[in-house]
Amino acid sequence: MIETISRDRLTELLNAGSEQRVAIVGDAMLDVYLRGDVDRISPEAPVPVVRVRDKELALGGAANVAQNIVAIGARCNLVCAVGDDAEGQVIKEMLREIGSDARSLVTVQRRTTTKTRVLARSQQIVRFDEEEDADVRGAEVERLLAAAIDAVNAADALVFEDYNKGVLTAALITPLMQHANSREIPTVVDPKYKNFFAYRGATIFKPNRRELESALGAAVDIEHPEALPEALKRLGVDHLLLTLGESGMALIAADGEVGRVPTTAREVYDVVGAGDTVTAYLATMLAGGATPAEAAVIANFAAGVEVAKLGAATVSIDEVIEAYDLFGSAGAPVA
């Protein structure tokens, strides 16, 4: 059954979500953008020479989810691993600048994950990653778990943000999920392939289509989604929210009901960061009392706003309300 969310209900949930506290556990990274011009080919190799005119630093991964949650107006405590290096210090300083709690960042004996993109006239020429993605082990896991337990104790919702950079391992996921469930707070999971089936008991499990198909080893037929409830049973989660890009989202409940949330994007300029925006809105809306269907609809509106912006951008609750007004209640189905 498809219903609609009213403007009053939308506003109520957005305002409630902005007053919540969210804990995020996962892989944070620093994004570096080098922008410039290309007017010649290198004499050393057949590659373009980019004369860099501008350098921009941005929060990436779990840190970008934190940035999105703060933009909603909610409070955020990010638990992640950073190196004892300049990049780790930059992440800490940038989090403090936006008002996010940086006290749960755990310094580990590895470099901070950094992704550098070189762009010319808005076209990405190359990206190079500096990282160590082996699983965190031993005492570092214990420190991360202790920080995560403390964060969950003060939170109204928990996000697991996995980029396969080594923070989210079974040794951390299992006890933390159990603790969150014992506190009866909602949990949102943005998974990757390594620990795809480790999040039993999650409120909303949010893979994209490629991630789900890779984990299941089979194609997913969205037009005939009868097999999706079986996938949800294998995962052991309450709801599966499958993000489908320009096709919107599919929300599958534990009782087998499948609902579709069509995209509300009016124009797509850049899809970078849209998934982080969705995750942030899912967590804050659930914490504020939304049903999973309502949270998915509101997150979908936020994603429609985000993809019209350049780079990993944030979306305010006023922008979500404006998008609702522009699109109309026909674009606000509750599956």
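The values are calculated or read from the model by the stated rules, or taken from the named source; none is laboratory data. As the structure is a prediction and not an experimental result, all values here were calculated from the model. Cβ sites come from the backbone with ideal geometry, for glycine too, and all protein chains shown count toward neighbours. Note: accessible area is taken over every heavy atom of the protein model, side chains too, but ligands, DNA and RNA are not part of it. Shrake-Rupley method; radii C 1.70, N 1.55, O 1.52, S 1.80 Å.
Just a few scattered comments:
- Among the candidates R96, R103, R51, R111, residue that is assigned to a strand (DSSP E or B) and open to solvent by 70 Å² or more (accessible area, probe 1.4 Å): R51
- Candidates are the residues of the stretch 54-89 that are more than 30 Å from G17 (Cβ to Cβ) and open to solvent by 20 Å² or more (accessible area, probe 1.4 Å); the one that is farthest from the chain's Cα centre (by Cα) is D54.
- Failed criterion for V22 (all others in (1) in a strand (DSSP E or B); (2) more than 27 Å from A86 (Cβ to Cβ); (3) over 17 Å from the mean Cα position of the chain (by Cα) hold): (3)
- All positions within the stretch 289-304 that are open to solvent by less than 20 Å² (accessible area, probe 1.4 Å) and more than 17 Å from D325 (Cα to Cα): A290, A293, A295, A296
- In the stretch 186-199 there is no residue matching the filter, namely being of a type in the set (D, E) and either closer than 18 Å to L30 by Cβ or open to solvent by 40 Å² or more (accessible area, probe 1.4 Å) (or both).
- Residues of the stretch 154-178 satisfying the condition of being more than 14 Å from the chain's Cα centre (by Cα) and of a type in the set (S, T, Y): T169, T174
- Test for D255: is it at pLDDT 85 or above and open to solvent by 10 Å² or more (accessible area, probe 1.4 Å): no
- Residue in the stretch 15-29 that is open to solvent by less than 10 Å² (accessible area, probe 1.4 Å) and over 24 Å from T169 (Cα atoms) present: yes
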